[in-house]
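*Asks:* Can you keep this structure in mind? I'll have questions shortly.
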Amino acid sequence: MVKIDISKEFSEFGKKMKIIAIMTVLAIIPFIGTIFSLIGSIFAIMALSDIRNANDKLKQSSLKNYRSKYSRAIVFRIISTVISGAVSFYSLSNPFHIGTFTIVPTIISFITSIIAAAIEMDAWRSLTDFFNQNRSLFPSYIALEASEGSDKLRSAAIMNVLSFLIITIIIGFILQVVGYIKLAKLEETIRYAKTTGATPVPSTQQVSPAAPTPSNTNFCPNCGAKMTGEWRFCGECGSTLN
């Protein structure tokens, strides 16, 4: 089988999810929350580089779709956050001049945030598909937490699309924080790999043994595994046998 070690990449991704969870909580602080929201967006962009590095090895379409869609969602989110922060600053500086200069940008910020949430919803769906289809890459408890976390973040994005309702904002915020915390479990991936020495095997890259053919090889020339029958490929590493 083709064995690929991506424990480092997903461990780094998990660390960034933990920081984003903290920034999400701090973002509710009035006035200065915008700063924490932008910091969270910066770490989200950094997390995408970890996904890119992992997918350079895995070649998974679900990871590619997640990275592409989530990067676009981040751009819209940053635009919305900057506009919202500018409106808040202007309102504080000019408390008696609230009108067109605040209403129009507020509407633009709201529409931009809705677009970001809609794109983000599709991004988290792609990541959920990846974890569901590649559970063998991770310890079972981490795969389950990561799958649930990305699914909760997808639900949170749906709530954000319905943000004109107060209750959906609250539910979305809770789901978002919980989702990031669950994804942060990926930080333990590298610790598990070092402890057990296990190397994950992507489900889409497994190589099944071919039909037996005459061969005089008793040991694999690549990994040294003993061959109990006559095979064309090594059942351990997938190397061609002479």
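*Asks:* For segment 90-115, how many residues meet the condition of being of a type outside the set (Val, Ile, Thr) and modelled with pLDDT of 75 or more?
*Replies:* Just the residues of segment 90-115 that are of a type outside the set (Val, Ile, Thr), to begin with: 90-97, 99, 101, 105, 109-110, 113.
Now narrow it down to the ones that are modelled with pLDDT of 75 or more: 105, 109-110, 113.
Number satisfying all stated conditions: 4.
*Asks:* Restricting to segment 27-50, name every residue that is surrounded by 15 or more Cβ atoms within 10 Å (Cβ to Cβ) and more than 16 Å from the chain's Cα centre (by Cα).
*Replies:* Ala27, Gly33, Thr34, Ile35, Phe36, Ser37, Leu38, Ile39
*Asks:* Show the residue pairs meeting these rules: Cβ distance below 9 Å; 6+ apart or different chains; first residue within segment 71-83 and in the same structural domain as Ser41 (by TED's automatic domain parsing); second residue surrounded by 16 or more Cβ atoms within 10 Å (Cβ to Cβ) and not in a helix (DSSP H, G or I).
*Replies:* Going by the 9 Å Cβ cut-off, the qualifying pairs are Thr81/Ala27.
The values are calculated or read from the model by the stated rules, or taken from the named source; none is laboratory data. As the structure is a computational prediction, the values presented were derived from the model and not from experiment. Positions of Cβ are backbone-derived with ideal geometry, glycine not excepted, and every protein chain shown enters the neighbour counts.
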